[in-house]
Structure formats: structure tokens, C-alpha cells
Amino acid sequence: MKKILIADDHYEIRELLKETLSDRDYEIHFAENGKNAVERAKETKPDIIIMDIMMPGRINGLEASEMIKSESTINGCKIIILSAKGRDKDKIKALKAGASAYIEKPFSPVKLLEKIESLL
């Protein structure tokens, strides 16, 4: 069973993503901030992380992505940035931080599922 970690500080987004993925055979895990995302990634070793950029705390989604990609036991996971930030420079920063894909909020659940399937 493939594992997906959802890292977003908004409960509603986490629940929407959980509902979007519920028809599939995924093991779902959650994180509320960047620090927690890194910790949960180390614990669960997900195949994919859906990561927000703007989260509370000292570690944002880009920093968390860089930390995950530098950790040898989990650096093979794919990271999809799901963010309200849509400027080209934000997308470039995300790719440099190790993201495999960038999807802007509001997002299409169908396109997100397609991206997940293509990365698995």
C-alpha cells in the first residue's frame, strides 16, 4: 500500500485531501506544520508528500522539503507542493527545494489524483 503524507496547516484542506484520496488504496498520514512534516516523513517513509508552503512555525514547506530531500532514508519520496502562491519564482523555489510537482490552490482534485498516479 502506497503512503501519502499531507502537510497543511488548514484542517479543512487536510480533510478535503483525505476525502479526495479515500477512494484509492493509500495509507494517509497528516502533519500540521513544516517541523511536523519532517518528523512524520521520517516515521512513516511516505511515497508522496503533499506539502503546503505557508505554514506556521519556524519551518515552512520549502524548508521542510529541503530537509526531507537531504535525509537519506526518505529522500526518494516525491513532493507535490500544493500552495496558494502561484508566481513563477515560487514554483522555481519549490523545484529547487526538491519538489516533483507544483499545484496551485484552488486545485482540481482530478488533476491532483492524476499527478499522484503519474509520480507513483
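The values are calculated or read from the model by the stated rules, or taken from the named source; none is laboratory data. No experiment lies behind these values; they were computed from the predicted model shown. Positions of Cβ are backbone-derived with ideal geometry, glycine not excepted, and every protein chain shown enters the neighbour counts.
Miscellaneous remarks
- Residue match in the stretch 10-17 (condition: part of a loop (DSSP other than H, G, I, E, B) and either under 22 Å from Leu120 (Cα atoms) or not polar (S, T, N, Q) (or both)): yes
- Number of residues in the stretch 80-108 that are within 13 Å of Asp8 (Cβ to Cβ) and either at pLDDT 95 or above or β-branched (Val, Ile, Thr) (or both) equals 4.
- Taken across the stretch 38-47, residues that are at pLDDT below 95, crowded, with 18+ Cβ neighbours inside 10 Å and outside any helix (DSSP H, G or I) do not occur at all.
- Options Met55, Met67; residue that is of a type outside the set (Phe, Trp, Tyr) and over 19 Å from Tyr11 (Cα atoms): Met67
Let's see how each residue does on (1) in contact with a helix residue (DSSP H, G or I) (Cβ under 8 Å, 6 or more places away or on another chain); (2) closer than 21 Å to Leu112 by Cα; (3) aliphatic (A, V, I, L, M); (4) without any contact (Cβ under 8 Å) to a residue 40 or more places away in the chain:
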site	(1), (2), (3), (4)
Asp25	no, yes, no, yes
Ala37	yes, yes, yes, yes
Thr44	no, no, no, no
Met51	yes, yes, yes, no
Pro56	no, no, no, no
Ile59	yes, no, yes, yes
Ala64	yes, yes, yes, no
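- Qualifying residue in the stretch 100-110 (condition: assigned to a helix (DSSP H, G or I) and touching a Ser or Thr at 6+ places or on another chain (Cβ under 7 Å)): yes
- Given (1) without any contact (Cβ under 8 Å) to a residue 24 or more places away in the chain; (2) surrounded by 14 or more Cβ atoms within 10 Å (Cβ to Cβ), number of the condition Glu19 does not satisfy: (2)
- Test: Ile74 is under 16 Å from Lys3 (Cβ atoms), under 12 Å from the mean Cα position of the chain (by Cα) and either among the hydrophobic types (A, V, I, L, M, F, W, C) or outside any loop (DSSP other than H, G, I, E, B) (or both): no
- In this structure, Ser108 does satisfy being free of Cβ contacts under 8 Å to residues at least 12 places away in the same chain and out of contact with any His (no Cβ under 8 Å at 6 or more places or on another chain).
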